[in-house]
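Shown next, in structure tokens, is the structure this report addresses.
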Amino acid sequence: MSDPAPPRAEPAIRVSGVAKTYPSRSGPVEAVAGVSFTVAEGEFVSILGPSGCGKSTLMLMVAGLEAPSRGSLALAGRPVEGPQTRVGLMFQDATLLPWKSVRDNVLFPLRMSGRPMAGATERAGALLALAGLSGFADKRPRELSGGMRQRVALCRALIADPAILLMDEPFSALDAITRDEMVLALGEIVARERKTTLFITHAIREAVFLSDRILVMGRRPATVVAEVAVPFPRPRDPAIEADPAFNALCLDLKDAIHRAMRGPAAAAA
Ligand SMILES: Nc1ncnc2c1ncn2[C@@H]1O[C@H](COP(=O)(O)OP(=O)(O)OP(=O)(O)O)[C@@H](O)[C@H]1O
Ligand SMILES: [Mg+2]
């Protein structure tokens, strides 16, 4: 008799037939319509799509901060039924607490979840050093530049060592040079620590540089209209941007996004 098949591991993120309709004064707004995808453990998946198509709504549902109107979500097989403490979150704005020091901002998720703090101050110090912020732990957020604040937010997302990172346009407010540095640092951290990452961006090259797979969403209400695999091993060297295969992928994606913006029929063509 042959051995039974090994149990199949649940994906780190499973989104099944998820839809979201917001109530509004002018009637219901359908933000997301029937989205399904999975992200494997350790995989880096980006979502690209036109403004207002429902990407942030989708991410809030994965984090358990918004409930879906239809469908279901699960992290490592466990249903998402409320705010998830197992994920590290990062948004477009750093959303730091202005009255707390940089160190206390980084430690905040641990304090909120009531998890043991032993060694936490050292870990915060190590993360801040990694982010080039040694010497800033006792400063207040207002004493930092926008790029530095965003790096504090990255340290905060990593402090509890979450297996899953959810990032909603985390670098879009940064200048081009700081942004390149942050993208490189993120690519190295997530590859080294095998984080599962769901990353929302408008920047095609950033998505191709970081991702194993890219999902393109169409106009609101959002559905996934295209999926592109990025075959290069991670972490990647910035020199890869000169590779013709890298640039061909960027062009394919640009095309897919333009089709998505014209509507679902064009995207499917
Ligand atoms: N809390 C809310 N209440 C009502 N409508 C909302 C709410 N949040 C988002 N929406 C609407 O849902 C739609 C999708 O918004 P969402 O923020 O998810 O888009 P997005 O793809 O993240 O856009 P962007 O790329 O500009 O960040 C928009 O029409 C928006 O107005
Ligand atoms: Mg958004």
Filter the stretch 149-200 down to the residues that are of a type in the set (Asp, Glu) and under 25 Å from Cys53 (Cβ atoms) and list them by number. Asp168, Glu169
Taking the stretch 177-227 and keeping residues under 22 Å from Thr21 (Cα atoms) and β-branched (Val, Ile, Thr) leaves Ile200, Val216, Thr223, Val224, Val225
Can Ala239 be described as surrounded by fewer than 20 Cβ atoms within 10 Å (Cβ to Cβ) and hydrophobic (A, V, I, L, M, F, W, C)? yes
When the stretch 36-77 is examined, which residues are found to be more than 16 Å from ligand 2 (Cβ to nearest atom) and either small (Gly, Ala, Ser) or modelled with pLDDT under 95 (or both)? Ser36, Ala40, Gly42, Gly64, Ala67, Ser69, Gly71, Ser72, Ala74, Ala76, Gly77
Residue in the stretch 224-245 that is within 16 Å of ligand 1 (Cβ to nearest atom) and of a type outside the set (Gly, Ala, Ser) present: yes
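The values are calculated or read from the model by the stated rules, or taken from the named source; none is laboratory data. Note that the structure is a prediction, hence the values are computed from the model and not measured. Here the Cβ is made from the backbone with ideal geometry for all residues, glycine too, and neighbour counts use every protein chain on show.
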